[in-house]
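The values are calculated or read from the model by the stated rules, or taken from the named source; none is laboratory data. Values in this document were obtained by computation on a predicted structure and should not be read as measured data. Cβ atoms come from the backbone with ideal geometry, glycine included; neighbour counts cover every protein chain shown. Surface areas here come from the heavy atoms of the whole protein model, side chains and all, with no ligands, DNA or RNA. Shrake-Rupley method; radii C 1.70, N 1.55, O 1.52, S 1.80 Å.
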Amino acid sequence: MFTGIIESVGKVKAMQPVGGDIRLVIESDDLDFSDVSLGDSIASNGICLTVVDLGSNYYAVDVSRETIARTALEDLKSGHVVNLEKAMLPTTRFGGHIVAGHVDGVGVVSKLEKDARSIYIEIELPQELAHYTATKGSITLDGISLTTNLVRDNIVCLNIIPHTAQVTNIAKHWLLGSKVNIEVDIVARYLERLLNKSQTGTMNAPSLQSPITEDFLADNGFMK
């Protein structure tokens, strides 16, 4: 699990085809590798990936065709800056929100302009992911935990403060038309599953009457 608070950035050192998959090598002089071991997870642009090779300032991961198909990873090239976050510890300060590192889809930067000292950005989401977002809710973009200003149909509106832009890949690589990895709020996914009991995916499971209904959520301020 992760928090969406980026620890450092790295650069793509190599992308090597291996039997239809990709061996991705990322180097970073800023990430602390002292507590990283083979088999550990590092979120790389929001994708939870397993370390299979490790050096003093780099790590390598194997990326499956499924991951390639569901993310913007195939657009990465040697030298591209990526956001890095090691898996959280029980003692980690929880500064963002619950992030699994499981990318739900790819969005596109549809608007980008200065707004005082911030950057105003609009991201076009795949239509099937739009209903998981909410105004002043949380969304993960390229591994960054961000708060939405406004949700308009399938457009998420954001303001990026100067610090966030500089310590992530936003200032360096986000342009009009750029693709970004999206992970929606995991809480929204579980609420949907509870509200749609017919889609449990477990055909022989006993039917349980959940106390969580749309009326319950509305009465307690979760829905408008």
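Things to note:
- For Ile68, the conditions (1) at pLDDT 95 or above; (2) within 15 Å of the chain's Cα centre (by Cα) all hold with the exception of (1).
- From Thr71, Thr91, residue being of a type in the set (S, T, N, Q) and either in contact with a helix residue (DSSP H, G or I) (Cβ under 7 Å, 6 or more places away or on another chain) or open to solvent by 60 Å² or more (accessible area, probe 1.4 Å) (or both): Thr91
- Test: Val82 is touching a helix residue (DSSP H, G or I) at 6+ places or on another chain (Cβ under 7 Å), open to solvent by less than 20 Å² (accessible area, probe 1.4 Å) and either within 17 Å of Val12 (Cα to Cα) or at pLDDT 95 or above (or both): no
- Hits in the stretch 1-26 (condition: free of Cβ contacts under 8 Å to residues at least 60 places away in the same chain and either within 13 Å of Ile42 (Cβ to Cβ) or not in a loop (DSSP other than H, G, I, E, B) (or both)): Gln16, Pro17, Val18, Asp21, Ile22, Arg23, Leu24, Val25, Ile26
- Any chance Ala165 is farther than 19 Å from Met1 by Cβ, modelled with pLDDT under 95, open to solvent by less than 70 Å² (accessible area, probe 1.4 Å) and of a type in the set (Gly, Ala, Ser): no
- Total residues in the stretch 62-92, condition touching a residue at least 12 places away in the same chain (Cβ under 8 Å) and assigned to a loop (DSSP other than H, G, I, E, B): 11
- Cβ-Cβ distances below 6 Å connect the following pairs, each with a first residue in the stretch 181-194 that is within 21 Å of Thr71 (Cα to Cα), a second residue that is not in a loop (DSSP other than H, G, I, E, B), and a separation of six or more residues or different chains: Ile182/Gly105; Ile182/Gly107; Glu183/Thr140; Val184/Leu129; Val184/Tyr132; Asp185/Ser138; Ala188/Tyr132.
- Reported count of residues in the stretch 111-136, each being part of a strand (DSSP E or B), open to solvent by 50 Å² or more (accessible area, probe 1.4 Å) and under 16 Å from Ala171 (Cα atoms), is 5.
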